[in-house]
Amino acid sequence: MTSVPFDDRDGVIWLDGAFVPWRDAHLHVLSHGLHYGGGIFEGIRVYDGRPFKAVEHFQRLHTSARELNFRIPFGPTELDAAMRETIRHQGIVDGYVRPVAWRGSEQISVSGAGTSVHVAIAAWEWPHVFSDDAHSRGIRLHTSRWRRPSPDTAPVRAKAASLYNICTLARDEAEAAGCDDALLLDFRGYLAEATGANLFLVIDGALHTPTPDTFLNGITRQTVLALAQELGISVHERHIQPEELQQADEVFLTGTAYEVQPVRAVDGHSFELGSVTTMLSKAYTGLTRSAVVR
Ligand SMILES: Cc1ncc(COP(=O)(O)O)c(C=O)c1O
């Protein structure tokens with residue numbers, strides 16, 4: 001797939017309180033965040049020109065900063081205003097916003113002391129993560145040898161750039177195996193999530209989803225759980241063994257970028273695109289496209 005490189009686009013990026021030309025949004029090569037993983041980010045979808053669940057995303061950005069022991073020098077209200085201005089400047093109708101924060105280059109020891117914190121917000125048009133065919137028929141997952149770490153090994157409640165190292169390794173391995181994405185287990189061997197989305201199984205009409213104790217309790221996951229409750233679908237949040245996938249009639253993923261994404265197969269074991277996934281996908285689309293709930 002060819003696309004325009006992300007450092008060579010038109011428009012502006014909000015950087016530390018002001019708009020700069022897109023191509024000039026640089027950081028120094030000796031930034032602490034680049035060397036030691038002191039970076040966090042968010043992904044927010046824009047539907048019909050409006051950001052979805054922006055408050056929740058900026059709250060999580062601040063939570064992620066706390067987990068990594070730094071403070072973002074802009075409050076949620078300032079960041080929200082900057083995001084809306086970025087969306088307007090770029091003329092985004094259906095797209096994606098990427099707020100990112102990282103430790104600067106005041107010093108280069110492992111200690112984070114004395115580092116400034118920088119923040120940027122960029123936005124671009126972006127319809128689907130996967131091809132239209134995979135998006136509608138379902139994606140194929142490959143169970144990874146990489147696992148989600150335990151909460152005393154890594155800051156698992158943060159949307160921290162450093163944690164995506166595992167995701168990139170797992171995703172590359174899955175694509176090399178001819179699949180679309182990876183399925184990761186946690187350090188205990190329970191089902192965890194995909195590289196950028198949470199996991200749901202449908203067993204006998206009920207939803208089963210892993211307890212989010214080693215990975216992000218996604219904003220989309222929480223939205224879909226609320227929709228399931230409204231629709232009278234029973235939900236079981238629990239530790240799930242990988243063998244239980246064999247009992248599932250339907251499997252899907254949820255995430256800001258993925259939305260409600262059906263899974264067609266895991267390691268060659270197939271699933272149908274069933275009624276529960278379809279119902280929740282429609283309900284989620286209705287919510288994101290409604291002008292009322294933001
Ligand atoms: C690793 C990972 N898990 C889960 C999610 C789903 O989170 P959300 O629904 O808040 O986008 C994401 C995406 O942000 C992610 O990157």
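Every read-out reported here was derived from the displayed coordinates using simple, explicitly stated rules and does not represent laboratory data. None of the values given here were measured: they were computed from a predicted structure. No Cβ is skipped: glycine too gets one built from the backbone with ideal geometry, and neighbour counts run over all protein chains shown.
Tell me, in nm to one decimal, what length is gained between GLN59 and SER162 on full extension, where the rule is 0.36 nm per residue of separation less the Cα-Cα distance?
Working: separation 103, 0.36 × 103 = 37.08 nm, distance 1.95 nm.
Computed gain between GLN59 and SER162 is 35.1 nm.
Where Lys and Arg each count +1 and Asp and Glu each count -1, what net charge lies around ALA206 among other residues with Cβ under 12 Å from its Cβ? Don't jump to the answer; show the numbers that get you there.
Details: positive: ARG238; negative: ASP204, GLU237, ASP249, GLU250.
Result for the local shell: -3.
Name the long-range amide H neighbours of THR143: under 5 Å, sequence gap of 5 or more, or other chain; modelled H, no Pro or chain starts.
Those lying under 5 Å, H to H, from THR143 are LEU183, ASP267.
Would you work out the charge dipole size for segment 213-273 about its Cα centre, treating the Cβ of every Lys and Arg as +1 and the Cβ of every Asp and Glu as -1, and quote it to the nearest 20 debye?
Details: 3 positive and 10 negative charges, 35 e Å.
It comes to approximately 180 debye.
Measuring from the lowest to the highest alpha carbon on each principal axis, how far does the chain reach, largest first, in angstroms?
Over the chain, Cα extents along the principal axes are 55, 42, 36 Å.
Give me Rg over Rh for segment 186-235, both radii from the alpha carbons and Rh done the Kirkwood way, two decimal places. Intermediate results must be reported in sequence, preceding the final value.
Numbers: Rg = 11.2 Å, Rh = 11.6 Å.
Taking Rg over the Kirkwood Rh, I get 0.97.
Enumerate the residues in segment 38-81 having an amide nitrogen under 15 Å from the point lying 7 Å beyond the Cα of ASP94 toward its Cβ.
Those under the cut-off are 45-52.
Two decimals is fine: what's Rg over Rh for segment 12-125, C-alpha atoms, Kirkwood radius as Rh? Please report the intermediate quantities before stating the final value.
Numbers: Rg = 14.0 Å, Rh = 14.4 Å.
Over the Cα atoms of segment 12-125, Rg/Rh equals 0.98.
Can you give the Kirkwood hydrodynamic radius for segment 244-294, in Å, rounded to one decimal and based on Cα pairs? Please list the in-between numbers first.
On the way: mean 1/r = 0.0834 Å⁻¹.
Computed over Cα pairs of segment 244-294, the Kirkwood hydrodynamic radius comes out at 12.0 Å.
What is the dipole size for the chain, taken about its Cα centre, with +1 at each Lys and Arg Cβ and -1 at each Asp and Glu Cβ, in debye to the nearest 20?
Numbers: 27 positive and 36 negative charges, 126 e Å.
Dipole size: approximately 600 debye.
Where the centroid of each part is defined by its Cα atoms, how far is segment 221-294 from segment 107-168 in Å?
A separation of 21 Å, based on Cα centres.
I need the Kirkwood Rh of segment 132-289: take the reciprocal of the average 1/r across all distinct C-alpha pairs and report it in angstrom. Could the numbers behind the result be given before it?
On the way: mean 1/r = 0.0645 Å⁻¹.
The Cα-based Kirkwood calculation yields 15.5 Å.
Mind putting a number on the dipole of segment 132-289 about its Cα centre? Charges go on the C-beta only, +1 for Lys and Arg and -1 for Asp and Glu, and I need it in Debye to the nearest 20. Please report the intermediate quantities before stating the final value.
Details: 14 positive and 21 negative charges, 83 e Å.
Magnitude of the dipole: close to 400 debye.
So for segment 219-271, what are the equivalent ellipsoid semi-axes in whole Å, largest first, each being the square root of 5 times an eigenvalue of the Cα gyration tensor? Could you put the intermediate results ahead of the total?
Numbers: eigenvalues 85, 43, 21 Å².
Over the Cα atoms of segment 219-271, the ellipsoid semi-axes are 21, 15, 10 Å.
Loop-only check: which trypsin sites (Lys or Arg not before Pro) in segment 59-109 are DSSP coil with at most 11 other Cβ within 10 angstrom? Display every interim value, and only then the final one.
Values: sites: ARG60, ARG66, ARG71, ARG84, ARG88, ARG103; in loops: ARG71.
Those satisfying the criteria are ARG71.
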